[in-house]
Amino acid sequence: MRTFQIVLYAAAVVAVILFQSCKPKFKFELDKHLGICGTGHAEAAKAAGLDYLEANVSGFLMPEKSDEEFAANKELAKTITPPIYSANGFFPGEIKVVGPEADIERAVKYSETAIRRAEEIGIEILVLGSSGSRNIPEGFDRAEAEKQFVDFLKRIAPAAEEHHVVVALEPLQASESNFINTVPEGAEIARKTGSDYICVIADLFHMARMKEGPEDIIKSADKLVHCHIAECEERTAPGVKGDDFTPYFKALKEIKYDGRISFECSWQDVSAQLPKAVEVMKEQINSIK
């Protein structure tokens, strides 16, 4: 009996070892998942070997236009290369989601159309920055504003879940917005919705402006789905001023981030500058592999 138990134990140990060896290992390949904001940069992106484009929600998905008016962009999305993976610029400033002028019904209808059209053309992530829509008016109760915003997100979460499109909140520097300025703040708002399809992005430009360290990426790992990048001083492309992004990349590696990162920069000549930006990005990412 004792011998039989030993054999069973040994077999179990071997099985565990084999299982562990067969499990897929995480491979940090952020350098292979780079894109650029702006469908107008398609040719430069293709020449630089980028993986995807990031469109504009209000301009490309046209949520308050008819399906017939959207048809041309829908056709373009089928042929443009690199493909469109994400979109930002969620709301125009006149659509308010907090404060006394909040028009939640309009915002929900707009969002549901944007989400449906995103799925139709293969967009997986919609970035919700839109400071003009979410800024808290002077004198308005902050707790009430947060409740309005969370309730709005809860209203659109079912559409996001149905169409498998993630709405990712974008924390913005304090000079642009007075609501959701850090990645952990955005992650906490996302958690309050109770939806896996309401998440947060890390914009390394805004993080640097807010003096956020890489630890904020780690704190928000459960909700982080996307990233933007630009240098801190003048929002230039990586390599212009020489910003070192490796501390942030190390944090992304630590949390096993397998999302993508979009160049969202002030370009002087995107065709000339983008190859250098890609080179610098890949050098910094590869330095920590």
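Quick one: Cα centre-to-centre distance for the range 43-95 and the range 107-164, in angstrom?
Using only Cα atoms to place each centre, the spacing works out to 18 Å.
I need to check one value: relative contact order of the range 26-139, counting alpha carbon pairs closer than 8 Å and at least 6 residues apart, in percent.
Values: 165 pairs, mean separation 30.1, N = 114.
Relative contact order, the range 26-139: 26 percent.
Which helices pass in the chain if a helix is a full DSSP H run, must span at least 20 angstrom along its long axis by Cα, and must have mean Kyte-Doolittle hydropathy not below 0.0?
Values: long enough: 2-22 (30 Å, 1.64); 104-121 (26 Å, -0.62); 142-163 (31 Å, -0.70); 270-286 (23 Å, -0.08).
Length and hydropathy pass: 2-22.
Defining a contact as two alpha carbons under 8 Å apart and six or more residues distant in sequence, what relative contact order in percent does the chain show? Could the numbers behind the result be given before it?
Details: 495 pairs, mean separation 48.0, N = 289.
The value is 17 percent.
Every number here is computed from the coordinates shown, using simple stated rules; none is lab data. Quantities reported herein were computed from a predicted structural model and do not represent experimental measurements.
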